[in-house]
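Asker: Just dropping this structure here.
All of the numbers you see were taken from the coordinates with simple rules; none came from a lab. What you see is a predicted model; the values in this text were computed from it and never measured. FYI the Cβ positions are ideal-geometry reconstructions off the backbone, even for glycines, and counts take in every protein chain you see.
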Amino acid sequence: MNDIPKSHPRYMSLNIRDAIVAGVEQGITSIHGLIAHGRGEAFDYLIGEKTQSFAIKAVRTAAAMLLLAEHPVISVNGNAAALVPDELVKLGKTLNAPLEVNIFHASGEREQAIQRHLLKHGAVQVLMPTKQAQLLFIDSNRKFVHPEGIFKADVVFVPLEDGDRCEALRKMHKDVITIDLNPMSRTAKRASITIVDNVVRALPLLIQEIQPLQKASPTVLKEIVSGYSNEDILQDALQCIRGEQ
Ligand code: PTJ
């Protein structure tokens, strides 16, 4: 796929970039996804391209919230599908939660390509957007959802969300867990839990965190969730970016 030597100091970052480019070439990722990725790269650089303590706290709380959920759903867009297809499938299986394709830049063909890609990576069932179920408070393509998926969900896990839908889901009294490298984004501020980290690092960590917590009682899980403040986490992330911690 590429000829980047392993010794290159930016080997990891360049490989992730290649995965996004491949996503565009395969018709999975939107061309706009390249711009979104570049923005993510800049923020990743500012947090040292490492999972920081504020992300670890958010991951633990996200694991607890997902385990407490009655109907968790994993929303998948073009960037997430290109970067972490195996992990999305594994998360779905671990939680017994459906994956649902939901994209911002409308394209029936791309929705199908994402579905095929996830099935190829081992997904059992991938829900698709429908005209029968629509989210309130939002006008973009992301309003079209599946009646048995996002429409019915109490907790929606959305790596790389856009602010509008996050707001709409919250207004519909759903909890939103997002992964967003930008702690200043509208999504980061509106979500119930924001994991400020790269999706390629955060998702394996989330799966790893869920496994031992599966044995924890609901009381313990509820304590983890109630002790969490997303505002504090975002402040910590901002301090890290400013070099204050
Ligand atoms: O496939 P579609 O049509 O749904 O489009 C997906 C994108 C991501 C293009 C679309 O939702 C979009 O334009 O998103 P935004 O509004 O640009 O927001 C993307 C956010 O994700 C930004 O705040 C980026 O900093 C962040 N981001 C980008 N890459 C990563 C990331 N966060 C975590 N991990 C990344 N790898």
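Asker: In the chain, what % of DSSP beta bridges are antiparallel (nearest 5)?
Answerer: The answer is about 10 percent antiparallel.
Asker: In the chain, with Lys and Arg counted as +1 and Asp and Glu as -1 at Cβ, which of these residues, Q239, L136, I179, has the Cα nearest the positive end of the dipole, that is, farthest along it?
Answerer: So the residue furthest toward the plus end is L136.
Asker: Ratio of region 125-166's C-alpha Rg to 2.2 N^0.38 Å, to two decimals?
Answerer: Computed over Cα atoms of region 125-166, the ratio equals 1.09.
Asker: Another question, if that's okay. Compute for the chain: radius of gyration divided by Kirkwood radius, i.e. Rg/Rh, restricted to C-alpha atoms, rounded to two decimals.
Answerer: 0.94
Asker: Of I193, I207, I28, which is the most mobile in a GNM of the chain whose springs link Cα atoms less than 10 angstrom apart?
Answerer: Among I193, I207, I28, the largest mean-square fluctuation in the Gaussian network model of the chain belongs to I207.
Asker: Expressed as cubic angstrom per residue, what is the convex hull volume of the alpha carbon set of region 103-184?
Answerer: 108 Å³
Asker: Can I ask one more? Can you tell me, using C-alpha contacts under 8 Å and at least 6 residues apart, the relative contact order of region 1-149 as a whole percent?
Answerer: 20 percent
Asker: Mean projection of the alpha-carbon convex hull of region 130-245 over all orientations, in nm²?
Answerer: 8.3 nm²
Asker: Could I ask something else about it? Consider just the alpha-carbon atoms of region 18-102 and return their Rg together with their Dmax, both in angstrom.
Answerer: Looking at region 18-102, its Cα Rg and Dmax stand at 14.5, 38 Å.
Asker: When N counts the residues of region 1-65, how does its alpha-carbon radius of gyration compare numerically with 2.2 N^0.38 Å, as a ratio?
Answerer: Taking N as the residue count of region 1-65, the ratio is 1.35.
Asker: Roughly speaking, what is the stretch gain from L136 to D18, that is 0.36 nm per residue apart minus the C-alpha to C-alpha distance, in nm to one decimal?
Answerer: 38.9 nm
Asker: Also, I was wondering about something else. Once you charge only the Cβ atoms, +1 for Lys and Arg and -1 for Asp and Glu, what is the size of the charge dipole of the chain about its Cα centre, to the nearest 20 debye?
Answerer: 240 debye
Asker: What percent of all Cα-Cα pairs in region 186-228 falls into each 5 Å bin, going from 0 up to the bin containing the maximum distance?
Answerer: The percentages, shortest bin first, are 5, 18, 20, 25, 21, 10, 2.
Asker: Which three lengths, in whole Å and largest first, does region 58-142 cover when its Cα atoms are put on their principal axes?
Answerer: Result for region 58-142: principal-axis Cα extents of 33, 33, 22 Å.
Asker: What whole-number value in cubic angstrom gives the convex hull volume per residue for the C-alpha atoms of region 99-147?
Answerer: 66 Å³
Asker: Let me ask something additional. At a Förster distance of 35 Å, what's the computed FRET efficiency of A42 paired with D3, Cβ-Cβ distance as r, to 0.05?
Answerer: So the FRET efficiency works out to roughly 0.90.
Asker: In the chain, with Lys and Arg counted as +1 and Asp and Glu as -1 at Cβ, which of these residues, A22, F43, L169, has the Cα nearest the positive end of the dipole, that is, farthest along it?
Answerer: Final value for the positive-end residue is L169.
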